[in-house]
Structures are given as C-alpha cells and as structure tokens.
1. Go through (1) on the phi > 0 side of the Ramachandran plot; (2) surrounded by 24 or more Cβ atoms within 10 Å (Cβ to Cβ) and name the single condition A:Ala44 misses.
2. With a cut-off of at least 1 residues that are aromatic (Phe, Trp, Tyr) and away from every other protein chain (no Cβ under 14 Å), name the strands (runs of 3 or more DSSP E) lying wholly within segment A:1-75.
3. Quick check on my filter: what residues within segment B:151-185 are facing another protein chain (nearest Cβ under 9 Å) and without any contact (Cβ under 8 Å) to a residue 40 or more places away in the chain?
4. Hey, among B:Val170, B:Val232, which residue is out of contact with any helix residue (DSSP H, G or I) (no Cβ under 7 Å at 6 or more places or on another chain) and within 16 Å of B:Val37 (Cβ to Cβ)?
5. Among (1) buried (at least 19 other Cβ atoms within 10 Å of the Cβ); (2) touching an Asp or Glu at 6+ places or on another chain (Cβ under 6 Å), there is one condition B:Pro88 misses while meeting the rest; what is its number?
6. State whether one or more residues within segment A:217-238 are in a strand (DSSP E or B), of a type in the set (D, E, K, R) and surrounded by fewer than 23 Cβ atoms within 10 Å (Cβ to Cβ).
7. Suppose we keep only residues that are among the small types (Gly, Ala, Ser) and more than 13 Å from the chain's Cα centre (by Cα) within segment A:127-153. Which one would you say is farthest from A:Val25 (Cα to Cα)?
8. In the set A:Ser33, A:Ser57, A:Ser65, A:Ser13, which member is within 26 Å of A:Lys228 (Cα to Cα) and either among the hydroxyl-bearing types (Ser, Thr, Tyr) or surrounded by fewer than 17 Cβ atoms within 10 Å (Cβ to Cβ) (or both)?
Protein chains: 2
Amino acid sequence: MNNKLDVFISSQSFQEEDLRDRTVVVLDVLRASSTIVTALHNGAKGVIPVGDMGDASKISQNLDSPHYLLSGEKDGVKIEGYDLGNSPLDYTTEKVESKTIIFNTTNGTKAIKRSGLATEVVIGSFLNLNTIVEYLQSIENDITLVCAGWRGRLALEDLLCAGNIIAELVNGTLPEYVQDGAKVAFGLYEKIGDDIEDAIRNSNYAIRLKDIVSEDDLRYCCKRNELKVLPVMKEGIISDFHGEKE
Amino acid sequence: MNNKLDVFISSQSFQEEDLRDRTVVVLDVLRASSTIVTALHNGAKGVIPVGDMGDASKISQNLDSPHYLLSGEKDGVKIEGYDLGNSPLDYTTEKVESKTIIFNTTNGTKAIKRSGLATEVVIGSFLNLNTIVEYLQSIENDITLVCAGWRGRLALEDLLCAGNIIAELVNGTLPEYVQDGAKVAFGLYEKIGDDIEDAIRNSNYAIRLKDIVSEDDLRYCCKRNELKVLPVMKEGIISDFHGEKE
C-alpha cells in the first residue's frame, strides 16, 4: 500500500473537506466503536448512529418494534427508557441478534456525521484492529483515521488505537513524509507499546467515568484482535462487511 | 509548582470555557510566536494581534503612522502594502524599536482570540522557552498550553514546543495524572529529544511552505532559549513583562 495517511485527534480538528474522497476510520475506543463492533459480531443486523434523542425516536417510529433496539448513553450513562446503554458487554447475542440498533452516542456519532464527504466510513477499535488493517491494506484509497476524542479534545485511548493501526499498516516503520497527526499517533504507540490497558486506565476518560465504565468494560475494550468484524457505513446504517470487502 | 496542566493541539480543539481562570500559553512556532518574541526583544513597544485585514486597518487609523507598523501574512506570504511579513528575522531593532506592531496572522491570532476567559495569555516559542518556564514555575494558577495548529489540525512544531515546556516544568518526570494532551506532548518531546530542527524541517508546515519559510527562519525558530522575553497580553496589546512578573 502506498496511500496517504492522516490522523485527526477529534471530530472538531478538521474541516469536512479534508475527508473528501478518502477512506475514513472512526475510532471511539471508550466505548462507541467497541460497542458497535461487538453488536455486529453478536449478530446485530445493523447499527444506525444518531446524534440526539430526537433523531433516535424519529427513526424508531419507522421501524417495527420487535426488530429494533434503542440504545446509547449521555455522559456515559444509559438513557432512561432505552433498551441498552453503552457497555459493549451488554450487547450479547441473546439481546442483539437480528436486531437493528439505533445508537445514540456523544462523540462517536459526531465524528461519523462529519465524515459525509468520505468515500466510505468504517468503524475501528482495538477489538477489530487486524480486520481493519487487512482491509486498509487491500485498498488504494487515501486513509484518514478520525479519533472521536472528547468535546473536541484529544482522547489518549483513541489516538493510541490510531497509532496501533498505523504501526501494523506500515510494518513498524513510519515513512518519512506522513502527516503530523500520524507521526504523533505512531510515537504514542511506540512509547506505550504493550501497556495499552494501563495507559488507558489512566486516561482522562477512564478516570472521569471510573464509576460508570466498569473494569470489565475497560479491559474488554483494550483487547486487540478479538473480533473479525468490518463495520462499514452504507446509507446511514453500519453493518458487517467482513469477508465481503477484503 | 503543583498546577493542573493541560495542552490543546489547536485553537479548535477546546471550548472557550475550558480556559476560564487559567494561565494560557499560546504557541505558534512557525512563525507567529517566534516573530512576536523577536519583535519585543528588539524593542517593539507592543504587538496588537488581529484576525483579519479589516481589523488591522481599523486599528491603524487610530494610531499615528510613524509609531506603528502593519505586519502579517496570509498563507505564509506578506500581505501587500504591509510593512513587514511573518519572518521573525525581518523584525530587526532598526525596523521595530519603539513601534507598535499591528500583527495579522492566521492561526496564532485565532488561538489568542479564543483565550478570552483566561486569567492571562502569554506567548511562547522555543526562543523564549526558559523565560516561559521560569514564569510558569513562579505562579500558582492552572496552566493550559494552546498550540495554534493549522486550520484545526495538529502542527508538530507547536506540540513539540509544548512537550519541551512540560519537560522543563516537571523536571523530566511527568506526574501520573495529567491531561491526555499533556501526556502526548511530553511523549513527543521524549521521542524527538534534541532533534528538534530535523523534526520540524519534516513537519507538514515546513514542507507545505518550503518555498516561503527560509532555511534561516526555520533554523532560527528552532533555537531554544535565545531570548529573554515574556510576552503578556494586556487589553489587546502584547508587551514584554520579562523582569517584571517573575
């Protein structure tokens, strides 16, 4: 592969035009990306990301209620009346198989919505890292990794995930001329190495939400290459294209 | 010092509220910060940062023409009819002594303008790094380093400067709980070490503007601790408080 590679640290740190005609990977490790990947792995038909509760209820009115689940969080907590929150471990086969999930989340959705000019949008996390890398290696298109971040800020877990993807993509040696964001993400990967879980346990997000994000959630979201899922957004719905696109 | 320490990678990557009551250091290494520091060192009375040419000409109408200089760049190039561009090496004693400089620049000014809720805004660069660090060590207030970045993006030279400031501030050992942005900046410092000039020569900005930013400019902006200047913004004017505030 010889694609141009870029990284943005949050959904506010780029112009939408910067993503035009590129393949975009959205990373929201804690926890939207990890939850989407898990839901699809456990048989959910699709995930519809929405930006607020109003959108969520509008979409749900057009779907038969046995076929969809309302899910998502505000400030880390499950929204009242919703079927599921944002803990990936809640998205079991029993609960999500064959369902369409209307997924309301703060930062991850914002990043996805701002990727409208991209050729395609895929969802990445540590869990499906290898599947993402294999897919990116198979395409010719330029690649941008968009970290969801938190309210415009850098979130260490997302940038670290970007760094890990880059390291696999370039086989451990960064070409001299890549974008500054890619250099910084790769540098973070080199610094942290395999101490992913420890680094993320001490990240701002994990500390801020330590009463909400369980230790199990945290440990789960830090696992590399657990699931072979390639979540791709098509006409507003994210579904699994693993085995079809690579 | 035991202040809380934060870093933002661009002027778009925070809410203005995030800076409330904090001491903010604005970093725009290539080249606005370096130019402001140089101008003050060479005897300029003050620098008035403005966001566009309209503001610049409005302000200039209220000043006697022998006492001010219109200066600044658009996309790296001196604006037509202006006295000076954005090359710090042009801001010689001969040209700037006792003058007030109306300074029109893209990213640096945006960062300054978004710092309205801060207790105080100081301007940092590699050139005046030690003076900035000494000042920050002397205060009790929480500190945010705001990298100007480029159109919302991360700019390696600014984040690297932030990392260098942090390294001096914490004497080389980062406390476990600092903001993610500070960790990433510090990690970049550790990775690059003394190869500042090389790293910045290969940064996006230097490559993008390699026909405009001279080799002399680049080398100059990468020099650490050349000038003892503490540029502080008061009522819209940046002047040198070195020797007064520390």
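1. Single failed check for A:Ala44: (1).
2. Working: elements: A:5-8, A:23-27, A:46-50, A:68-74.
Answer list for segment A:1-75: A:68-74.
3. B:Glu176, B:Tyr177, B:Asp180, B:Lys183
4. On the way: B:Val170 fails: within 16 Å of B:Val37 (Cβ to Cβ).
Just one listed residue meets the conditions, B:Val232.
5. (2)
6. Taking segment A:217-238 first, the residues in a strand (DSSP E or B) are A:231-234, A:237-238.
If we keep only those that are of a type in the set (D, E, K, R) too, we end up with A:234.
Pick out the ones that are also surrounded by fewer than 23 Cβ atoms within 10 Å (Cβ to Cβ) and you get A:234.
Yes, the conditions are met somewhere in segment A:217-238.
7. Applying the first criterion (among the small types (Gly, Ala, Ser)) to segment A:127-153 yields A:138, A:148-149, A:152.
After this cut, where a residue has to be more than 13 Å from the chain's Cα centre (by Cα) as well, the list is A:138, A:152.
Working: A:Ser138: 14, A:Gly152: 17 Å.
Among them, the one singled out is A:Gly152.
8. A:Ser33
No value in this document is a laboratory result; all are computed from the given coordinates. Quick caveat, the model's predicted, so the values are computed rather than measured. Here Cβ is always computed from backbone atoms with ideal geometry, including for glycine, and neighbour counts include all displayed protein chains.
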